[in-house]
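J.: My questions all concern the structure below.
The values are calculated or read from the model by the stated rules, or taken from the named source; none is laboratory data. Quantities reported herein were computed from a predicted structural model and do not represent experimental measurements. Glycine gets a Cβ as well: all are built from the backbone with ideal geometry, and neighbour counts include every protein chain shown.
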């Protein structure tokens, strides 16, 4: 799935949704969907983060053929099966080697630059 930041800030109820940090001309590949948010790589200097789906227009709705749907902690996850384990993204952001070894090959295969 490919998305692009909306041209006008959708004025979401919570502060700090980082709309202004997203390039208005860039297209972002969604690597997972969690509840009402997309997980995207928005910077080459950090790991993929969640952004409210309301911040984006969908440019290409096709998802990766190997994506799965998993129910985790009373919510749902749609994405690559190796990312579906509860706590995976926390491990990535904590720099845990095992999680990064799962993530990096997927980002590389998709052509997504990362740290």
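J.: Quick one: is residue 87 more than 13 Å from the chain's Cα centre (by Cα) and within 22 Å of residue 115 (Cα to Cα)? If you could, list the steps in order and put the result at the bottom.
T.: Working: more than 13 Å from the chain's Cα centre (by Cα): yes; within 22 Å of residue 115 (Cα to Cα): yes.
Taking the combined requirement at face value, the residue satisfies it.
J.: Now, a different point. In the range 3-17, which residue that is touching a helix residue (DSSP H, G or I) at 6+ places or on another chain (Cβ under 8 Å) and part of a loop (DSSP other than H, G, I, E, B) is modelled with the highest pLDDT?
T.: Per the criteria, the residue is 6.
J.: How about the range 47-115: which strands (runs of 3 or more DSSP E) wholly inside it have at least 2 residues that are farther than 22 Å from residue 22 by Cα? Give the steps one after another, and end with the answer.
T.: Working: elements: 49-52, 56-60, 68-72, 75-79.
Ranges flagged: 68-72, 75-79.
Conditions (1) at pLDDT 90 or above; (2) in contact with a strand residue (DSSP E or B) (Cβ under 8 Å, 6 or more places away or on another chain); (3) surrounded by 11 or more Cβ atoms within 10 Å (Cβ to Cβ), marked per residue:
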position: 35; (1), (2), (3): no, yes, yes
position: 41; (1), (2), (3): yes, yes, yes
position: 45; (1), (2), (3): no, no, no
position: 49; (1), (2), (3): yes, yes, yes
position: 66; (1), (2), (3): yes, no, no
position: 70; (1), (2), (3): no, yes, yes
position: 82; (1), (2), (3): yes, no, yes
position: 89; (1), (2), (3): yes, yes, yes
